[in-house]
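Undergrad: Okay, handing you the structure first.
Values quoted throughout were computed directly from the atomic coordinates according to the rules given, and no laboratory measurement underlies them. Values in this document were obtained by computation on a predicted structure and should not be read as measured data. Note that we place each Cβ from the backbone using ideal geometry, even for glycine, and neighbour counts take in every protein chain shown.
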């Protein structure tokens, strides 16, 4: 095994998140070490209410059991802001269809005119199921995003502390119109040779995932082996996205992961993101972080998900060296790469 590899995903107690300064500093160092070497961990005592997580899974089971005609009440193809339900195979990862259906809900901000030629076209309303059809859809979703957002802020404060930055650095950096995403996901059993979601990096900063009790999530280590993420009762999976990798000069890593499941699986993901105009320039970190990247071939060469034009030109799945200038550009690249049909329908 390579010196910088790993064979398991750690389980971390986050009860010190809001504790005494000494305990928080110790946890900050532990999290920064994990985010440098692995980029994934399972969190317990994280502060997201167990009852809320149960409500989220109840909501998913009720929605995904509905007939297609009712699911289409929030068909993503009807949203120029890429929000709503999509059928299996609608999203493509690395130019391969993902065998899952899902609901996407983003932070809501006033929409700009569709003629706006920038990533600001992503701002807008969500699609919500009628209350009589899916009781609690909006209420449960908004509360899930609120509590996960609070956890995301706490985690980024600790990561800032571990990087030698002011604790409020990322909170201030995220701007006044943060754009975060929730995905409610239903996986059928994965067909042979395919994946519920194909190998990828997350596009944003930090992900909080309620994985449920069904295994299937796997993380690729530097040796190329796929490591199963343990299912821990009440645990949430935390991992980093490409933007946190980019702004830390590759000190933190966005680690490849996929889902292959032998049985029906539900999961709920929350992707913590800043304002669309947030610049993605590398942070001015202490020399020890810069030197750690230079000394590690894995970190120095860590790439990004290919843009659609690069993908079609044959650039490797996660081998792009393109770094978006702002967060909105990164998201627009994601939608172009993953939702060609939606893009063509709304933007030509």
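Undergrad: Could you work out how far helix 21-37 tilts from the main Cα principal axis of the chain, as a 0 to 90 degree angle to the nearest 10?
TA: Once rounded, the angle reads 80 degrees.
Undergrad: Let me ask another. Which residue fluctuates the most in the chain, going by a Gaussian network model with Cα springs under 10 Å, if the choices are 258, 150, 288?
TA: 288
Undergrad: Further question: Please determine, in degrees from 0 to 90 and to the nearest 10, the orientation of helix 50-64 with respect to the longest principal axis defined by the Cα atoms of the chain, where the helix direction is its Cα long axis.
TA: Roughly 40 degrees between the two axes.
Undergrad: Could you work out the relative contact order of segment 193-348, using alpha carbon pairs under 8 angstrom and six or more residues apart, expressed as a whole percent?
TA: Relative contact order of segment 193-348: 26 percent.
Undergrad: Can you pull the one-decimal nm distance between simple spin-label points at residue 33 and residue 226, each 7 Å off the Cα toward Cβ?
TA: Calculated label separation equals 3.0 nm.
Undergrad: Sorted from fewest to most neighbouring beta carbons within 10 Å, what does the list 217, 122 look like?
TA: 122, 217
Undergrad: OK, next. What whole number of Å gives the distance from the Cα centroid of segment 212-243 to the Cα centroid of segment 128-155?
TA: First find each Cα centre; the distance between them is then 23 Å.
Undergrad: Rank 22, 292, 203 by mean-square fluctuation in a GNM of the chain with C-alpha springs under 10 angstrom and give only the top-ranked residue.
TA: Residue with maximal mean-square fluctuation among 22, 292, 203: 22.
Undergrad: Which FRET efficiency value, to the nearest 0.05, do you get for residue 214 and residue 25 by plugging their Cβ-Cβ distance into 1/(1 + (r/R0)^6) with R0 = 30 Å?
TA: 0.25
Undergrad: For segment 137-289, what class follows from the C-alpha gyration tensor (a ≥ b ≥ c being the square roots of its eigenvalues): rounded when a/c is under 1.5, otherwise prolate if a/b is larger than b/c, else oblate?
TA: Oblate, since a/c reaches 1.5 and b/c is not below a/b.
Undergrad: Just need the relative contact order of segment 1-141 here, percent rounded to a whole number, with Cα pairs under 8 Å and 6+ apart.
TA: Reported as a whole number, the value is 18 percent.
Undergrad: Compute the length gained on full extension between residue 49 and residue 138: take 0.36 nm times their separation in residues and subtract their Cα-Cα distance, giving the result in nm to one decimal.
TA: Working it through step by step, the gained length comes to 30.3 nm.
Undergrad: Round to the nearest 0.05 the FRET efficiency obtained for residue 88 and residue 345 when R0 = 25 Å and r is the Cβ-Cβ distance.
TA: Rounded to the nearest 0.05, the efficiency is 0.85.
Undergrad: Computed FRET efficiency, Cβ-Cβ of residue 8 and residue 69, R0 30 Å: what is it to the nearest 0.05?
TA: After rounding, the FRET efficiency stands at 0.10.
Undergrad: Going by how many other beta carbons lie within 10 Å of each one, how would you line up 170, 6, 205, fewest first?
TA: 6, 170, 205
Undergrad: Shape of segment 103-182 from its Cα gyration tensor (a ≥ b ≥ c, root eigenvalues): rounded if a/c is under 1.5, otherwise prolate when a/b > b/c, or oblate?
TA: Oblate, since a/c reaches 1.5 and b/c is not below a/b.
Undergrad: Restricting to the chain, compute how many DSSP beta bridges are antiparallel as a %, nearest 5.
TA: 90 percent
Undergrad: Here's something else I'd like to know. Could you tell me how many degrees, from 0 to 90 and to the nearest 10, lie between the Cα long axis of helix 137-162 and the main elongation axis, the longest principal axis, of the Cα atoms of the chain?
TA: 10 degrees
Undergrad: Moving on. Could you check the simple spin-label distance between residue 131 and residue 167, using points 7 Å along Cα→Cβ, in nm with one decimal?
TA: The answer from the label model is 3.9 nm.
Undergrad: Determine the relative contact order of the chain: mean sequence separation of Cα pairs under 8 Å and six or more apart, normalised by residue count, in whole percent.
TA: It rounds to 21 percent for the chain.
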